[in-house]
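A short write-up of the structure that comes next.
The values are calculated or read from the model by the stated rules, or taken from the named source; none is laboratory data. Since this is a predicted model, take the numbers as computed values, not measurements. Note that we place each Cβ from the backbone using ideal geometry, even for glycine, and neighbour counts take in every protein chain shown. Accessible surface areas use protein heavy atoms only, side chains included; no ligands, DNA or RNA. Shrake-Rupley method; radii C 1.70, N 1.55, O 1.52, S 1.80 Å.
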Amino acid sequence: MTYIITTPLYYVNDKPHLGSVYTTIICDTLAKFNRLKGEKVLFITGVDEHGLKIQRTAQNNGLTPEKHCDEISNIFYTNWKNWNISFDKFIRTSSKHHISIVHEFYKKVKSSNDIYMGVQKGWYCVGCEEFKDNPDNSSSYQCPIHKKPLEWKNEENLFFRLSKYQRDIEELVNNPEFIKPKERRNEIKNFVSKGLKDFSISRTNLNWGISVPDEKGHTFYVWFDALLGYISAISLNEANKSLNSSLSHGWPANLHLIGKDILRFHAVYWPAMLLSAGISPPKKVFGHGFLTREGMKMGKSLGNVLDPNLLLSKYGEDRVRWYLLKDISLGSDGDFQDKRFVDIVNNDLANTIGNLLNRTTSMSRKWFNNAVPKGINVNDDFFKELSEKTITSYITNFEKDDISESCNVVLSFAIKINLYLNEKKPWVLIKDENNQHEVKQIIYNVLESNRLIALLLKPILTDLSNKILKQLSQSDVNNEKWRDNLVWGLLEPDTNLPKPVPLIEKLEYE
Ligand code: MSP
């Protein structure tokens, strides 16, 4: 069984912003968690390169669409490498490989008698690449998301018979496991219950798109093309690049993780397209919230973006990941605030986690010959039970995609261990020779807790996790061994401890 997880395929109208980094970091964490659990994972990301929005952006930059897409796609690719994102496939929708799969797929939908020619009239948002249902409700024909005027379109387009799939889609969206979180499912159920309307899947007067076979002058609507990127990505770099080959590698996808603004495409249009082609719909679609800044959606079109590369070079990936993953509950909106960012990473990472390790390894080195104490009980009942509870709760939350709660579970474990250390005060006890044994046991318990904290942090903060393991002289734990190592008492007594280095520096709020 392969666990397939996807990010949205990002528009290349501009370089990545913190919103796209956010989605990608979540997927990365879920991909890493599933790999650590021993699953075979296929983590797909990539870029969405066609359509009017990209054509216009290229034009404004004085570039051909091809040249523009090459440049921005490359930035996305390099960006994910810089953030150490563990993607397996990076799909570009302008690639030949993808184009041939779109053609193959279209033939299947056509042979299901689900394509017809019609006239599309309506108000269009180029930013969303979407016709808006009810422009009268949005003030002065503006897109409520992009705050830009809608454009009137009236052209002959090919239509997809979405209405035919009313019953199937109703059934799908009624399944509580299909759309997450729950509130978003209700929105979609509501939309579906109003009756699905056929939608246009081709454009005329748009060169920058995939041509529709046997329909001169028509290119595919960018969403019809882009959604298929999730499937074409699978056979990328494989010997057999056909639609069937893609589908044979573990489709359907386990999880499409997307922003809430594009839920309808993923939870309604996409499954219907797939059903029409005789392909299973994805198992789950999760619509996360928006990152805001000053209460406004952060977005390329709005010009209020936080440069993720600046954040990365200034603070490093672990701090940013911790803030985004722990402080924002997946599904809810989150506001990026500088002061809160500094407070959270200082308290949680530098003080609670970093300091705990640092002071304990220092004490152990000083009192026990630069090593983990020996002659102790590695199976202290209280810690065994506490760690088991922690691990179970962490895994259960992760399996519900509640990364934030898993982070909190690790953090509260670290807080408890800090309290234990502060209550026991081994630095006072050590002054009396008779307390030697007790001190050894306390230090062992805290060091062993640190080992577990490192393992639990592995899918969340891989870099920090590796640093902790290194300071405990633990070799890297590969995916097959992670779960087996997540058991109390495996830190070998008398293991040599290297000289401690601060794990993560405290930040000053500027
Ligand atoms: N190209 C389409 C997706 C096609 S998938 C087959 C697209 N691209 S996008 O670049 O505009 O957006 C990609 C994702 O980033 C969307 O899920 C969107 O919701 C998300 N984000 C964009 N701005 C965001 C924030 N400010 N905060 C969090 N995520 C947001 O839509």
All helices (runs of 4 or more DSSP H) inside region 1-87 with 3 or more residues being under 29 Å from residue 404 (Cα atoms) and within 16 Å of the ligand (Cβ to nearest atom): 18-36, 65-82
Candidates 393, 387, 364 - the one that is of a type in the set (Gly, Ala, Ser), buried (at least 18 other Cβ atoms within 10 Å of the Cβ) and closer than 30 Å to residue 39 by Cα: 387
Check on residue 145, in a loop (DSSP other than H, G, I, E, B) and closer than 30 Å to residue 402 by Cα: yes
Considering residues of region 38-75 that are farther than 22 Å from residue 96 by Cβ and touching a Pro at 6+ places or on another chain (Cβ under 9 Å) only, the residue most open to solvent (accessible area, probe 1.4 Å): 59
Answer from 187, 170, 215, 156 - the residue that is surrounded by 13 or more Cβ atoms within 10 Å (Cβ to Cβ) and closer than 23 Å to residue 98 by Cβ: 215
Residue in region 241-253 that is surrounded by fewer than 20 Cβ atoms within 10 Å (Cβ to Cβ) and in contact with a strand residue (DSSP E or B) (Cβ under 6 Å, 6 or more places away or on another chain) present: yes
Lone qualifier among 104, 130 - being among the charged types (D, E, K, R), within 23 Å of residue 19 (Cβ to Cβ) and open to solvent by less than 90 Å² (accessible area, probe 1.4 Å): 130
Selection count, region 464-489, where residues are within 22 Å of residue 355 (Cα to Cα) and either polar (S, T, N, Q) or open to solvent by 70 Å² or more (accessible area, probe 1.4 Å) (or both): 9
Any pair with Cβ under 6 angstrom, 6 or more apart, that starts in region 94-115 at a residue that is assigned to a loop (DSSP other than H, G, I, E, B) and ends at one that is open to solvent by 10 Å² or more (accessible area, probe 1.4 Å): 114/161
Given (1) more than 27 Å from the chain's Cα centre (by Cα); (2) at positive phi, number of the condition residue 401 does not satisfy: (1)
Pairs with Cβ under 7 Å, 6+ apart, first in region 46-57 and at positive phi, second open to solvent by 10 Å² or more (accessible area, probe 1.4 Å): 46/9; 46/90; 46/92; 51/208; 51/209
Selection within region 76-99 - over 16 Å from residue 28 (Cβ atoms), open to solvent by less than 70 Å² (accessible area, probe 1.4 Å) and not polar (S, T, N, Q): 91, 92, 97, 98, 99
Failed item, numbered, when residue 256 is tested on (1) closer than 13 Å to residue 43 by Cβ; (2) within 15 Å of the ligand (Cβ to nearest atom); (3) out of contact with any Pro (no Cβ under 7 Å at 6 or more places or on another chain); (4) not aliphatic (A, V, I, L, M): (3)
Residue, farthest from residue 501 (Cα to Cα), within region 320-335, restricted to residues that are open to solvent by less than 10 Å² (accessible area, probe 1.4 Å) and touching a Lys or Arg at 6+ places or on another chain (Cβ under 9 Å): 331
Flag for residue 302 being more than 8 Å from the ligand (Cβ to nearest atom), of a type outside the set (Asp, Glu) and either modelled with pLDDT of 80 or more or closer than 19 Å to residue 346 by Cα (or both): no
Some residue of region 362-369 being modelled with pLDDT of 95 or more and in a loop (DSSP other than H, G, I, E, B): yes
First in region 220-237 and near the ligand (Cβ under 10 Å from one of its atoms) and open to solvent by 10 Å² or more (accessible area, probe 1.4 Å), second anywhere and assigned to a loop (DSSP other than H, G, I, E, B) and of a type outside the set (Phe, Trp, Tyr), Cβ under 8 Å, 6 or more apart: 223/129
Cβ-Cβ under 6 Å pairs, at least 6 apart or on other chains, region 22-37 side open to solvent by 10 Å² or more (accessible area, probe 1.4 Å), far side β-branched (Val, Ile, Thr): 34/41; 35/41
Residue satisfying all of: in region 111-127; more than 16 Å from the ligand (Cβ to nearest atom), out of contact with any helix residue (DSSP H, G or I) (no Cβ under 7 Å at 6 or more places or on another chain) and within 27 Å of residue 54 (Cα to Cα); most open to solvent (accessible area, probe 1.4 Å) among these: 121
From 396, 360, residue being touching a residue at least 40 places away in the same chain (Cβ under 8 Å) and of a type in the set (Ser, Thr, Tyr): 360
